[in-house]
1. Need a quick list: helices (runs of 4 or more DSSP H) entirely within segment B:23-124 having at least 2 residues that are under 28 Å from A:SER37 (Cα atoms).
2. Need the failing condition index for B:ASP72 against (1) among the charged types (D, E, K, R); (2) in contact with a Phe, Trp or Tyr (Cβ under 9 Å, 6 or more places away or on another chain); (3) on the phi > 0 side of the Ramachandran plot, just the number.
3. Residue by residue through segment A:18-47, note down the ones that are buried (at least 21 other Cβ atoms within 10 Å of the Cβ), at pLDDT below 90 and under 27 Å from B:ALA42 (Cβ atoms).
Amino acid sequence: MAYADSDAAAGPAIAPVAIKILIAGGFGAGKTTLVGSVTEIRPLRTEEPLSEPGARLDRLDGVERKATTTVALDFGRITITDNLVVYLFGTPGQERFWFMWDELARGALGAVVLADTRRLADCFPSVDYFEQRGMPFIVAVNCFDGARRYRGQDVRRALDLNPEVPVIMCDARRHASGRDALVALVEHALELISGQPGYAAAAPAP
Amino acid sequence: MPSPQDRWLDADAGPVVRPYALTGGRTRPTGASLDLIALVTAVRGAAPGSAGLDPEHLELLRLCRLPASVADLAADLDLPLGVVRILIADLRDRSLVRIHHPVSPARRPDPRILREVADGLRRL
């Protein structure tokens with residue numbers, strides 16, 4: 001029985017760690033641009049049967065005759081080390097694809113919610129979604145050319161954000177800016193974990 | 001009443017039905033669900049044989065000689081996620097691939113790993 005041998009053949013001894021980060025926000029807020037500024041975008045599509053999950057949705061305007069629907073997602077991969085990879089997923093912007101969100105959000109570290117100050121209300125659903133699920137998120141205000149500049153404080157008030165949610169200004173087209181947004185999210189997640197009661201007791205010894 | 005052909009081959013149905021033809025019309029994989037970032041690795045030395053395997057199965061096996069995520073494989077194969085999940089489940093059922101399910105980082109991420117991620121991102 002070649003049990004040991006097949007184990008040895010399974011790949012690296014240390015299982016790779018995959019981290020999932022979502023890029024959310026309204027339609028046209030710059031999700032694709034942000035993913036593309038930090039890594040190569042790879043098109044990912046799904047043909048979702050609209051049976052069980054879809055049937056529970058009320059809003060099926062225009063798709064009710066189809067048994068499945070195509071959802072295109074932006075997807076990017078950042079290799080930190082051989083054993084540590086960050087996956088970015090842009091959430092579908094249209095509301096009728098809400099059912100995809102649960103799948104994307106499952107096991108995600110957190111989300112960067114892109115806000116366009118010209119259409120701030122477009123990011124409300126994303127903010128609600130992550131708030132309700134207790135998932136770490138930050139709001140990145142995408143400073144579009146020609147858009148009136150707002151202070152983070154104004155955006156925070158307009159979105160009625162909890163005080164601990166970071167609000168940053170960004171330009172999704174710029175690599176450094178997209179990178180900083182991701183770093184801000186990871187650091188926010190770290191802070192939330194460190195503040196979790198009982199975490200230290202359960203964490204493995206350093 | 002439209003004939004079955006009219007019903008399936010209209011402009012709406014075309015791109016929708018075709019991908020699932022690869023899976024014999026199945027739209028749900030067998031067994032446990034496969035996360036987007038579950039890592040799939042071909043079991044080395046396992047003889048796939050060809051009975052019941054499609055070219056897409058064999059291509060998948062080639063692509064996951066090194067661990068590859070479900071999302072990576074779907075993008076590489078340029079096939080819809082749902083289809084790729086079913087094909088991967090077929091391979092898993094035949095013990096041709098191993099699945100490494102991600103530890104849900106949302107539940108209790110290891111701070112050391114997150115610090116490594118933050119540092120790695122800063123170097124981008």
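The values are calculated or read from the model by the stated rules, or taken from the named source; none is laboratory data. The shown structure was predicted, so the numbers you read here are calculated from the model rather than taken from an experiment. Ideal geometry is used to build each Cβ from the backbone, glycine not excepted, and the neighbour counts take in all protein chains shown.
1. Result: B:70-77, B:81-93, B:111-122.
2. (3)
3. A:ALA18, A:THR46, A:GLU47, listed by residue number.
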